[in-house]
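Each remark here refers to the structure printed beneath this line.
The values are calculated or read from the model by the stated rules, or taken from the named source; none is laboratory data. Since the structure is predicted, the reported quantities are computational estimates derived from the model, not experimental observations. We place every Cβ from the backbone using ideal geometry, glycine too, and count neighbours over all the protein chains shown. These area figures cover heavy atoms from the full protein model, side chains too; ligands, DNA and RNA do not enter into them. Shrake-Rupley method; radii C 1.70, N 1.55, O 1.52, S 1.80 Å.
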Amino acid sequence: MKDINVINFFEDNSIKLSSNFNLGVTNLPSKLNFEQQISEIKNKKLHANMKFTFSKPEYSGLADKFSWAKSAILLTYNYKNKTQPSMLVSPGHGQIARFAEKDYYLPLKNKILEIEKVFENLNIKFHSFIDNPSHYDRTFFVSSGLGWQGKSTMMLTPGSGPWQLLATIYVDLNFVEDKNVNFSCGECNLCQISCPTGALDREYKLDSNKCISYWLQSPEIIPYEIRDAIGNKFYGCDDCLTSCPPGQENKINITFNEDQQVNLKEIIKSDDNKLLEKYYWFYIPKRNAEFLKRNAIIALGNNPDNNISDFLKNLYPELSTHLKIYVLWALFKSRNVDLCKQLIKTYDPGNQIILKEYEKLKEMISLVK
Ligand code: SF4
Ligand code: SF4
């Protein structure tokens, strides 16, 4: 049977793709296998403690997962804005990275559901992966002619750059394969220069141990040097994306975007359930709102307003030991050592974790004097 053009197939079945969507096809079996690549990252511990695709590289990195599948469709959703949000954030406020300002997976998930329904009705076997740790989402990106992997490790497409999310559908139908096109970053290294922590110092390799995005989603205690580098970021970091030329408009139109700026004190005082509901699309360890509050305390410590001390002082007694550790750090940042001493004496005279943290902070401050 002659291979089918996927665009014609979609049109014949009333699947409409807005200009945010892009797709490519790879014929199967493809003989592609990313197990070694994923394992290398894991063996060098560059993935930090991330599970995701790193749990079972032999399966997640395997392209030819299903013997019945004849094609893999890679569907991308481009969430690039025509405007560049202002990075100027008022004191006491924090930033949300552009990739997290909305649930950008939602339109992609809905489109995948629509396509699945068509396959179901036609009795065509399929299997989809979207934001799923069992499948390395970029597996068919290059082979489908959609673009290339940048030095930032993001997948880039001319016109949309790194601002895209990926989904894969394995299908028991022969679609016309797209051609692999030769693109590259060339001499550019702007993402490496823009990264505030050096997480991209080795091109094409992300060291998650240094990545702010990783740490703001991690349940572990955030190291001091990363806390400083976080600056006013409340959730996510996209310095390596905003700096990437293929993702930029010719004319830069800077706007103030409310979805990206949060009042940090309001976050810290929020009801946990309301906070989790508000940011339902964020990855939050164990769906525990405390981790978002931790991020907010760090951002507030780095971008304080003029009554941060009173605010943290009033807050301290009702916090968990985990959050108190960050409050002490934020107070040390504003050189409010006496207030730290007073809080510990009043509320935590026998709390060994707090006392140990206080000693570490004191030692650190003496080193920078
Ligand atoms: S997300 Fe931020 S910290 Fe992580 S690699 Fe990109 S610029 Fe660096
Ligand atoms: S900033 Fe430059 S080097 Fe980095 S991914 Fe984009 S094009 Fe490639």
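Values computed for the structure shown
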| quantity | calculated |
| --- | --- |
| Conditions (1) at pLDDT 95 or above; (2) open to solvent by 30 Å² or more (accessible area, probe 1.4 Å); (3) under 21 Å from GLY92 (Cα atoms): number failed by ASN307 | (1) |
| Residues that are free of Cβ contacts under 8 Å to residues at least 40 places away in the same chain, farther than 13 Å from ILE325 by Cα and of a type in the set (A, V, I, L, M, F, W, C), drawn from the range 337-369 | VAL337, LEU339, ILE365, LEU367, VAL368 |
| VAL118 vs. criteria away from ligand 2 (no atom under 15 Å from the Cβ) and over 30 Å from PHE9 (Cα atoms) | no |
| Number of the condition not met by LEU355 [criteria: (1) assigned to a helix (DSSP H, G or I); (2) open to solvent by 60 Å² or more (accessible area, probe 1.4 Å)] | (2) |
| Residues of the range 151-171 satisfying the condition of being farther than 23 Å from GLU101 by Cβ and open to solvent by less than 50 Å² (accessible area, probe 1.4 Å) | LYS151, THR168, ILE169, TYR170, VAL171 |
| Test: residue in the range 225-248 that is surrounded by fewer than 17 Cβ atoms within 10 Å (Cβ to Cβ) and assigned to a loop (DSSP other than H, G, I, E, B) | yes |
| Some residue of the range 331-350 being under 31 Å from the mean Cα position of the chain (by Cα), crowded, with 18+ Cβ neighbours inside 10 Å and aliphatic (A, V, I, L, M) | yes |
| Out of GLY247, GLY301, GLY236, sole residue that is at positive phi and in contact (Cβ under 8 Å) with a residue 24 or more places away in the chain | GLY236 |
| Count of residues meeting criterion [surrounded by 14 or more Cβ atoms within 10 Å (Cβ to Cβ), in a loop (DSSP other than H, G, I, E, B) and near ligand 1 (Cβ under 9 Å from one of its atoms)] in the range 172-222 | 8 |
| Any hit, the range 64-76, residues being aliphatic (A, V, I, L, M), away from ligand 1 (no atom under 16 Å from the Cβ), in a helix (DSSP H, G or I) and touching a residue at least 24 places away in the same chain (Cβ under 8 Å) | no |
| Criterion: more than 30 Å from LEU315 (Cβ to Cβ) and within 16 Å of ligand 2 (Cβ to nearest atom) - qualifying residue of ASP178, ASP172, ASP201 | ASP201 |
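So that you can scan it fast, the table gives a plain yes or no per residue for (1) within 26 Å of PRO29 (Cβ to Cβ); (2) open to solvent by less than 20 Å² (accessible area, probe 1.4 Å); (3) within 16 Å of ligand 2 (Cβ to nearest atom):
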| position | (1), (2), (3) |
| --- | --- |
| ASN110 | no, no, no |
| LEU113 | no, no, no |
| ASN123 | yes, no, no |
| SER128 | yes, no, no |
| GLN149 | yes, no, yes |
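Residue-by-condition table, conditions (1) aromatic (Phe, Trp, Tyr); (2) within 20 Å of PHE54 (Cβ to Cβ):
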site	(1), (2)
VAL181	no, no
GLU187	no, no
LEU200	no, yes
TYR204	yes, yes
ARG227	no, no
GLY231	no, no
PHE234	yes, no
